[in-house]
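Colleague: Handing you this structure, nothing more for now.
The values are calculated or read from the model by the stated rules, or taken from the named source; none is laboratory data. Model, not experiment: these values are computed from the prediction. Cβ placement follows ideal geometry from the backbone for every residue including glycine, while neighbour counts extend to all protein chains displayed. Keep in mind that these areas ignore ligands, DNA and RNA; they rest on the heavy atoms of the full protein, side chains included. Shrake-Rupley method; radii C 1.70, N 1.55, O 1.52, S 1.80 Å.
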Amino acid sequence: MMTDSEVFKEGLAGVPAAKSRVSHVDGTDGILEYRGIRIEELAKSSSFIEVAYLLIWGKLPTQGELEEFEYEIRTHRRIKYHIRDMMKCFPETGHPMDALQTSAAALGLFYARRALDDPNYIRAAVVRLLAKIPTMVAAFHMIREGNDPIQPNDKLDYASNFLYMLTEKEPDPFAAKVFDVCLTLHAEHTMNASTFSARVTASTLTDPYAVIASAVGTLAGPLHGGANEEVLNMLEEIGSVENVRPYVEKCLANKQRIMGFGHRVYKVKDPRAIILQDLAEQLFAKMGHDEYYEIAVELEKVVEEYVGQKGIYPNVDFYSGLVYRKLDIPSDLFTPLFAIARVAGWLAHWKEQLSVNKIYRPTQIYIGDHNLSYVPMTERVVSVARNEDPNAII
Ligand code: CMC
């Protein structure tokens, strides 16, 4: 029999945490499927709302089902004025992901019934979360700029309405279409950190707003959804094509991660990065060139040269920032955009978790002390903290 230490895998790498029918990744051949359908097909033929329906209800909707779902979402986009007022108390300098996590959790205060065995409650929670999360992202952005939030426009589709709420201008249809495809590409990705977090929270049978708030908090980190914002900062820091090689050499020498590269599952270029790169090129052809694109292409080439043999290639976050920049979206909203899309996947996993629920309760390998004697306060000595920093937290 294997010991605990033999079973233990850091970061749970390769450890199945659930049986799922929601999506599938083949990291060797670069394949991603939602409910068995290839991502390339969905990006080409479906809208994000259709994809959300597929993920959450398990099948492609009929025309009537799609129209009904879209109508429900369209008519639930408004948020309570209490939530807008609450956002006015947030610091303007706060990160939009923190604002989103707080606001998503606050929704649970308004819809607290928690009837997880009632299909109407489940449907209403799905519709509210898909409908209101974009409104909350846009509202915080407007408020921090000193403006009143822009009310959703019921005439506009999901993607166009979000872009409208950021600017009060109806977006170019091509820009809105590109944004909609970006949402599809980010909608779901098997058992990543935020989805795991959503499933763990769901397994306690808490309300769906807490599930989504917990997942938003997990997505925010720079090793997960936060990487897309970091990619743009990195391209800015590199500044020119000539600086790419020295930058990569410096990062690798310092064992520093190059943002937007590498993936726990993919050992080839992420299929979503391939689609996003193509979208970025189409956008530049239509809306003008971006000087960061050459830097990005050179970076991909140099990184592949140095660490391609380790399976380090661009991930979904590498080209998404360039697309969003061309759409004039501020870089600290990139991760909230990821969240807007991923709500669909989180909700699909929430429903799946409820259908087979067993509360998550893993174990641990205790490596601390035993039977230490209790030292009275007067006899304790000041410890020298790690790195000789007296304020460091051990
Ligand atoms: N730049 C340079 N080297 C890298 C990178 C990178 N971005 N990613 C992995 N490596 C190296 C790493 O140093 C290690 O080398 P060695 O074996 O010589 O020590 C090897 O590749 C394996 O790394 P790992 O830490 O075991 O890989 P992981 O599966 O734990 O990490 C990752 C996956 C995504 C956290 C990591 O690749 C990373 O930090 N990437 C940069 C951040 C990023 O772009 N995150 C977005 C991920 S995709 C979207 C999402 O999930 O939200």
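Colleague: For the chain, what mean projected area does the convex hull of the alpha carbons give, in nm²?
Modeller: Numbers: hull surface 98.0 nm².
The orientation-averaged projected area of the Cα hull of the chain comes to 24.5 nm².
Colleague: Sorted by mean Cβ packing within 10 Å, highest first, what order do the peptides 90-96, 221-227 take?
Modeller: Averaged packing, sorted descending, gives the order 221-227, 90-96.
Colleague: Across the range 207-330, how many lysine pairs, 8 or more positions apart or on different chains, have C-alpha atoms separated by under 26 Å? Please give the number.
Modeller: Within the range 207-330, the lysine pair count is 18.
Colleague: Using just the alpha carbons, could you tell me how many Å³ per residue the convex hull of the range 227-326 encloses? List each step's numbers first, then the result.
Modeller: Values: hull volume 8.5 nm³, N = 100.
Dividing the Cα hull volume of the range 227-326 by its residue count gives 85 Å³.
Colleague: When we measure straight from the Cα of residue 88, which lysines land under 18 angstrom away, once same-chain ones fewer than 8 places off are left out?
Modeller: Here the lysines satisfying the reach criterion relative to residue 88 are 80, 132.
Colleague: What does the accessible area of residue 76 come to, in Å² to the nearest 10, when a probe of 1.4 Å is used?
Modeller: Accessible area of residue 76: about 80 Å².
Colleague: Could you pull the accessible area for residue 245 with a 1.4 Å probe, rounded to 10 Å²?
Modeller: Residue 245 exposes around 80 Å² with every protein chain in place.
Colleague: A further question follows. Roughly how big is the chain's charge dipole about its Cα centre, with Cβ charges of +1 (Lys, Arg) and -1 (Asp, Glu), in debye to the nearest 20?
Modeller: Numbers: 42 positive and 53 negative charges, 257 e Å.
For this selection, approximately 1240 debye.
Colleague: Roughly how far apart, in whole Å, are the Cα centres of the range 1-60 and the range 64-143?
Modeller: 25
Colleague: If the only charges are +1 at each Lys and Arg Cβ and -1 at each Asp and Glu Cβ, what is the size of the charge dipole of the range 227-326 around the Cα centre, to the nearest 20 debye? Write out the running numbers ahead of the final one.
Modeller: Working: 13 positive and 17 negative charges, 95 e Å.
With Lys and Arg at +1 and Asp and Glu at -1, about 460 debye.
Colleague: Also: Sorted by accessible area with a 1.4 angstrom probe, largest first, how do 294, 6 fall? Let's see the in-between values first.
Modeller: Values: 294 85, 6 105 Å².
Result, largest first: 6, 294.
Colleague: Something else now. What figure, in Å² to the nearest 10, do you get for the accessible area of residue 34 with a 1.4 Å probe and non-protein molecules left out?
Modeller: 0
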